[in-house]
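Worksheet: one structure, shown below.
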Amino acid sequence: MALTFGQHPARFKLDVRSRPRMYDGAMRHDLMEILVCPMCRAELTLTADREEDGEVVEGKLVCSGCRETYPIEDGIPNLLPPDMRD
Amino acid sequence: MSALPKPEEKAREVRQMFDRIAPGYDRLNRVMTGRMDQRWRRDLVRRMGIGPVDRVLDLACGTGDFAEIAREAGASVVGLDFARQMLLGALRRRIDGVAFVQGDALHLPFADGSMTAAVSGFALRNFVAIPPVLAELARVLAPGGRIGLLEVDRPRNTLVRAGHGVYFNHAVPFVGGLLSRDRSAYRYLPQSAIYLPGEREFVEMLVANGFHRVQKRSPMFGAIQSVTAVRR
C-alpha cells in the first residue's frame, strides 16, 4: 500500500528514517572495469561488505600485484597512495 | 605575507584546505564568478564534443560541477578528487550515472587508455607539479582522447589586468574569507595562480606529455583560460 503524507504522516517519516541512505554516485561494480592499483597498476579485487541496489557502500579493494588494500567507505573507494591517507 | 605552502607540504596542506572549505564551496564559486563558472564549463564540454559514447574523467572534481555537465551531455563519468569532504558533497548532489573516487592526480587509479576524454576545472595550480599530471592524463586517455582544462589567467590588456588584480587579489580573499570564515584558504587561492605556467610554457608541457592540437580560448577578457588538446 502506498503511503502518503496526508494519510500516515508518522509512518511515512519512520519509513524514511529506517531506510538506509542511498547515493546515486555510490561505487558501481562496472567501475571495476577501469580501476587499477594507483601504485603498481595491477588489477584490483573487490570485496563488498555492504551493498545497496547493486552498488558497493562498504568494502575493500585488494591489489592483485602489490597486495595493498584500499578501503571503500560511504560508497567512495579511497585509492589515494597509502602514504597520503590520513 | 605569503599564503603559499612549502613545496614538500603542498599536497597535504592543499588537501586539508579543500576538506575545510568543502561546505559552501559551490555557493562561493557561484558568487565569486557571478555564476559564470558553470557557463565556462558548459562551453568547454560542448567544444570537446562530449557525448553518450564518451567515458569522461573529471580530474579534481570537487563537488562534481564538471561531472554533472558531462553527464548531462550523455557521457559516463568518473570524478576523482583527493579531498574526501568534496566527494561527500558531490554524492549529496545525487548525479545519476557518475562514480566518484578518492585519489591522487599523480597516481591515477585508472587503467591505460580507459578514458575517451578528461576535464579539469581550476585545479592545475593546486597540483604539486603540472607535467606529471599531464603525463598521467595522457596515460589514462585512449589515443585520440581529448582533454579540456579550465584555469584562471592573467589578462593581457593593462587596464583589465589592473581591475582583475584588485578583484582577484583583494575582493576574492575578502569575500571568500567572509563567507567561508577561512581567510587563509581564500588568500591561498588567488596567490596560487603563481604556480601556473605561461602560455608558451604550457603548450610545450602539453606537447612534451603526448598531446597535440592545442587550442585556447580566453573568456572574461583573458581572466580565464579554456584549453583543449588531443592525445596523440
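The charge dipole of the stretch A:23-81, taken about its Cα centre with unit charges on the Cβ of Lys, Arg, Asp and Glu (plus for the first two, minus for the last two), comes to roughly 440 debye. I need the shape label for the stretch B:1-138. Rule: rounded when a/c is under 1.5, else prolate if a/b > b/c, else oblate, with a, b, c from the alpha carbon gyration tensor. Oblate, since a/c reaches 1.5 and b/c is not below a/b. Dipole check for the protein assembly as shown: with +1 at the C-beta of Lys and Arg, -1 at the C-beta of Asp and Glu, and the Cα centre as origin, the magnitude is about 1200 Debye.
Its convex hull of Cα atoms gives the stretch B:70-153 a direction-averaged projected area, equal to a quarter of the hull surface, of 5.9 nm².
Using a 1.4 angstrom probe on heavy atoms only, work out the carbon and sulfur share of the accessible area of chain B in %.
Roughly 55 percent of what the probe reaches on chain B is carbon or sulfur.
Global size of the stretch B:109-232: 16.0, 47 Å for Rg and Dmax (C-alpha atoms, Rg to one decimal, Dmax whole). Our summary gives chain B a relative contact order of 20 percent, counting only alpha carbon pairs under 8 angstrom and 6 or more residues apart.
Once the chain from residue B:215 to residue B:72 is taken as fully extended at 0.36 nm per residue, the excess over their C-alpha distance is 49.1 nm. Relative to the current alpha-carbon distance between residue B:128 and residue B:181, full extension at 0.36 nm per residue lengthens the span by 16.5 nm.
Residues of the stretch B:116-133 with the amide nitrogen closer than 18 Å to a label point 7 Å from the Cα of residue B:193, along Cα-to-Cβ, please. What the label zone holds, given the 18 Å backbone N cut-off, is B:121-127. Using a Förster distance of 25 Å, how high is the FRET efficiency between residue B:160 and residue B:201, based on the Cβ-Cβ distance and rounded to 0.05? It comes to 0.70.
Find the sum over both chains of the accessible area lost when A and B are paired, probe 1.4 Å, and report it in Å² to the nearest 100.
Chain pair A/B: roughly 2500 Å² of buried accessible area.
Accessible surface computed residue by residue for the protein assembly as shown, with neighbouring protein chains in place and a 1.4 Å probe, gives 49 Å² per residue.
Mean residue ellipticity at 222 nm from the helices of chain B, using -39,500 (n - 2.57) per DSSP H segment of n ≥ 4 over the full residue count, to the nearest 500 deg cm²/dmol?
Calculated mean residue ellipticity at 222 nm is -12000 deg cm²/dmol.
Each principal axis of the Cα cloud of chain B was taken in turn, and the coordinate range along them, longest first, works out to 44, 38, 34 Å.
One chain, two ends: residue B:171 and residue B:27. Fully extended at 0.36 nm per residue, the span grows by 50.2 nm beyond their Cα-Cα distance.
Remark: mean inter-chain Cβ contacts per residue of A:61-73 equal 1, using a 10 Å Cβ-Cβ cutoff to other protein chain atoms.
The values are calculated or read from the model by the stated rules, or taken from the named source; none is laboratory data. Predicted model, so just to flag it, every value in this text is computed and none were measured. Methodologically, a virtual Cβ is constructed for each residue, glycine included, from the backbone with ideal geometry; neighbour enumeration extends over all protein chains shown. All accessible areas refer to the heavy atoms of the entire protein, side chains included, with ligands and DNA or RNA removed. Shrake-Rupley method; radii C 1.70, N 1.55, O 1.52, S 1.80 Å.
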